[in-house]
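Here's the structure, in structure tokens; my notes come after.
The values are calculated or read from the model by the stated rules, or taken from the named source; none is laboratory data. Keep in mind it's a predicted model, so treat the numbers as computed, not measured. Counting neighbours? That spans all protein chains shown, and the Cβs are built from the backbone with ideal geometry, glycine included. Just the protein is used for accessible areas: all its heavy atoms, side chains included, with ligands, DNA and RNA removed. Shrake-Rupley method; radii C 1.70, N 1.55, O 1.52, S 1.80 Å.
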Amino acid sequence: MLADWRTAPVDERVAAALGLLETMTLRPDELGADDVRPLLDAGVSEHGVVDALYVGFLFNTIDRIADALGFETVSDEVYGKGADRLLRHGYL
């Protein structure tokens, strides 16, 4: 998935959403109503499209703030420990 989402074995709806989010992130000037059609054709509801756009918007905003403020990323080991904790306990 991380190497290339286009060839990853993901649900058609997820792939369509990733295509939309890639355009939104890398080429926002090109984003238009036609970019939503693949999601709807894949069976994503209008509500699902809005959710995907909100999630993408928030991640893009957080990434830009982190870059602007020089946030440092954690090591793979620390990241893995946090992921394990989330899997066991959730966000509570």
Completion exercise
Given unit charges at Cβ for Lys, Arg (+) and Asp, Glu (-), the dipole magnitude of segment 20-92 about its Cα centre in debye, nearest 20, is 360
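Counting other Cβ atoms within 10 Å, keep those with at most 11, restrict to DSSP loop, and tell me which chymotrypsin sites (Phe, Trp or Tyr not before Pro) in segment 13-92 are left. Could the numbers behind the result be given before it?
On the way: sites: TYR54, PHE57, PHE59, PHE71, TYR79, TYR91; in loops: PHE71, TYR91.
Listed in order of number, the matching sites are PHE71, TYR91.
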Completion exercise
Simple SL model, points at 7 angstrom along Cα→Cβ for ASP76 and ASP34; separation in nm is 4.1
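When the accessible area of the chain is split by element with a 1.4 Å probe, what percent falls to carbon and sulfur? If you can, show how the numbers build up before the last one.
Numbers: 4480 of 7470 Å².
Result for the chain: 60 percent of the exposed heavy-atom area is carbon or sulfur.
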Handout entry: Computed [θ] at 222 nm, helices only, for the chain once each DSSP H run of length n ≥ 4 contributes -39500 (n - 2.57)
Key = -20500 deg cm²/dmol
Practice task
May I ask you to compute the full-extension gain from THR61 to ARG88, defined as 0.36 nm times their residue separation minus their alpha-carbon distance, rounded to one decimal in nm?
Solution key: 6.9 nm
Fill in the blank from the handout: Cα-based Debye curve of segment 1-63 sampled at q = 0.14, 0.19, 0.25, 0.27 Å⁻¹ gives log₁₀ I(q)/I(0) of -0.38, -0.70, -1.17, -1.28
Fill in the blank from the handout: Restricting to Cα pairs under 8 Å and 6 or more apart, the percent relative contact order of the chain works out to 21
Handout entry: Probe 1.4 Å, accessible area per residue of the chain, Å²
Key = 81
Fill in the blank from the handout: For segment 7-79, whose charge dipole is built from +1 on Lys and Arg Cβ atoms and -1 on Asp and Glu Cβ atoms, the candidate among VAL36, VAL78, THR25 with its Cα farthest towards the positive end is VAL36
